[in-house]
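The values are calculated or read from the model by the stated rules, or taken from the named source; none is laboratory data. Bear in mind the structure is a predicted one, so any value in this text is a computation, not a measurement. Glycine also receives a Cβ, built like all others from the backbone with ideal geometry; neighbour counts cover every protein chain displayed. We work out accessible area using only protein heavy atoms, side chains counted, and drop any ligands, DNA or RNA first. Shrake-Rupley method; radii C 1.70, N 1.55, O 1.52, S 1.80 Å.
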Amino acid sequence: MSDSLERTLEQRLSAARDSGRWRRTRVLDGPQRPEQIIDGYHMVAFCSNDYLGLAADPAVVAAAREALDYYGVGAGAAHLINGHTRAHEELEQALAHFTGRERVLVFSTGYMANLALMQALVGRHDTVFEDRLNHASLIDAVRLSGARSQRYRHAEPQHLRERLNKAPATGHRMIVTDGVFSMDGDIAPLPELAALAREFDAWLMVDDAHGLSVLGDTGGGSCQHFGLGSGEVPVLMGTLGKGFGTAGAFVAGSERLIETLIQTARPYIYTTAMPAALAAATLASVRIAEAAGERREHLQHLLRRLGEGLDRLGLPHPPPVTPIQPVTLGTAARASAVAERLFKAGFLVPAIRPPTVPEGEARLRITLSAAHTEAQVDALLRALEHALGTTTA
Ligand code: PMP
């Protein structure tokens with residue numbers, strides 16, 4: 001064992017500990033659902049991204065089980081070798097229909113889908129315009145692509161316009177944004193971004209990890225919310241581990257976009273396909289999500305209730321339309337103290353601290369699911385009132 005390695009690691013770990021940025025995993029026993037056992041405690045969780053309550057849905061589980069019997073567990077190879085089963089093929093077709101796009105390509109994770117997209121579409125002669133609060137996987141993907149990065153102020157099309165005006169005339173331009181911002185819960189101003197993309201001949205890419213299945217009449221996400229189609233948003237990325245309740249991700253777009261990814265995207269070519277049973281389970285969940293009007297309505301009802309409660313407590317929050325409702329508390333210490341009190345009261349609401357969010361904007365990230373009940377939301381609000389009243393940190 002190298003002494004210098006261990007010493008260096010210890011210094012870094014101490015720095016993380018001392019700055020209140022220590023992260024640790026909690027252990028969940030049983031399925032992902034609001035009432036759960038975590039670290040041995042019975043809790044009501046308000047932190048999962050399982051927005052429609054599909055992660056443990058009996059029909060989704062049954063589809064996985066049936067496919068496990070048929071396909072076994074591992075895919076055994078990359079898609080382009082012999083890991084691409086009929087289950088993957090059917091899932092891609094169902095997602096193309098779901099998103100109203102020509103074709104879809106499935107990936108093992110959203111992180112990889114974003115890496116694949118950027119690598120395939122832009123390089124060092126191109127410029128990517130990124131919302132400052134884009135998800136880490138997008139930021140990393142742009143960095144790895146070698147393209148020039150221009151960050152514009154969060155959800156400010158006017159600032160994006162300034163950036164576009166000043167950008168070099170050479171190379172391609174691409175505008176990249178979360179559809180629903182993962183830590184802030186607001187929806188990107190997509191109509192304005194689409195108009196700028198048209199005006200400046202830029203390509204618009206939306207990562208709708210938190211919008212798909214939740215927003216829009218048939219769960220078509222933030223694009224459907226604004227009535228935008230493939231003409232305005234030619235590059236759409238979605239994840240499967242959130243509203244769809246399983247795991248993995250996809251890119252939806254034109255035949256040429258998908259074929260380009262297949263031919264050139266290293267995170268697609270050089271990785272094992274997701275297990276076929278997962279693809280089959282996701283196919284079941286996509287079908288449920290498409291017709292899940294009642295789940296979406298219940299979720300919206302709970303969001304309004306939460307929003308009214310937060311208003312009564314004088315806590316600012318985004319418009320209660322998306323299931324991500326952060327409550328900004330300021331310092332990391334304060335957010336951690338409130339989260340700890342909620343935990344003791346039986347509610348799991350994580351404190352999101354720097355560097356995930358900017359300094360001074362530590363927050364509780366409350367997320368709701370269609371699987372929550374009104375009573376659970378009311379109980380959370382009471383516990384929150386208590387936790388805030390008794391916290392002086
Ligand atoms: N994009 C966004 C906006 C996300 O929130 C996430 C997951 N937190 C990802 C991409 C990455 O997706 P995955 O978890 O499937 O890697």
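Can you work out the PRE-style zone for Glu259? Point 7 Å along Cα to Cβ, and I want the residues of the range 209-245 with backbone N under 18 Å. Residues 235 qualify, since their backbone N sits under 18 Å from the label point.
A cut-off of 5 Å between modelled amide H atoms, ignoring neighbours fewer than 5 places along the same chain, links Gln150 with Val128, Phe129, Glu130. Residue by residue, the range 184-196 carries 3J(HN,Hα) couplings of 10, x, 8, 9, 5, x, 4, x, 5, 5, 5, 5, 5 Hz when phi is fed to the Karplus relation 6.51 cos²θ - 1.76 cosθ + 1.60 (θ = phi - 60°); x denotes Gly or Pro.
Note that the range 220-291 shows a convex hull volume over its alpha carbon atoms of 101 Å³ per residue. Legend: residues Ser48, Ser2, sorted from most to least accessible area (1.4 Å probe; ligands, DNA and RNA excluded), read Ser2, Ser48. Electrostatic tally near Ala371: other residues with Cβ closer than 11 Å to its Cβ, Lys and Arg +1, Asp and Glu -1, net -1.
Stretching Glu294 away from Thr271 to a fully extended chain increases their span by 4.5 nm, per 0.36 nm per residue minus the current alpha-carbon distance.
Pairwise alpha-carbon distances in the range 259-309 exceed 15 Å for 69% of all pairs.
In a simple Cβ point-charge model (Lys, Arg +1; Asp, Glu -1; nothing else charged), the range 261-393 has a dipole of about 240 debye relative to its Cα centre. Out of the total accessible area of the range 41-148 (probe 1.4 Å, heavy atoms of protein only), what percent is carbon and sulfur? The computed percentage sits at 53. Volume per residue of the convex hull around the Cα atoms, evaluated for the chain, comes out as 164 Å³. Considering helices alone, the calculated mean residue ellipticity of the chain at 222 nm is -13500 deg cm²/dmol, with DSSP H runs of length four and up weighted by -39500 (n - 2.57) and normalised per residue. Set the Förster distance to 51 Å, then compute FRET efficiency between Val73 and Ser19 from the Cβ-Cβ distance, nearest 0.05. Efficiency, from the Cβ-Cβ distance: 0.80.
Neighbours of Ala16 by Cβ distance under 12 Å: Lys/Arg scored +1, Asp/Glu scored -1, total +4. When the Cα positions of Ala273, Leu5, Ile175 are compared along the charge dipole of the chain, Leu5 comes out farthest toward the positive end, with charges on each C-beta of Lys, Arg, Asp and Glu. Just the protein heavy atoms count here, and of the accessible area of the range 226-344 at 1.4 Å, carbon and sulfur take up 52 percent. Accessible surface for the range 57-150, divided over its residues, is 48 Å² per residue with a 1.4 Å probe. With the convex hull drawn over the C-alpha atoms of the range 58-290, the volume per residue is 104 Å³.
Sequence-ordered 3J(HN,Hα) estimates for the range 336-345 from the Karplus curve with 6.51, -1.76 and 1.60 and θ = phi - 60° stand at 5, 5, 5, 4, 5, 5, 5, 4, 5, 8 Hz, glycine and proline given as x.
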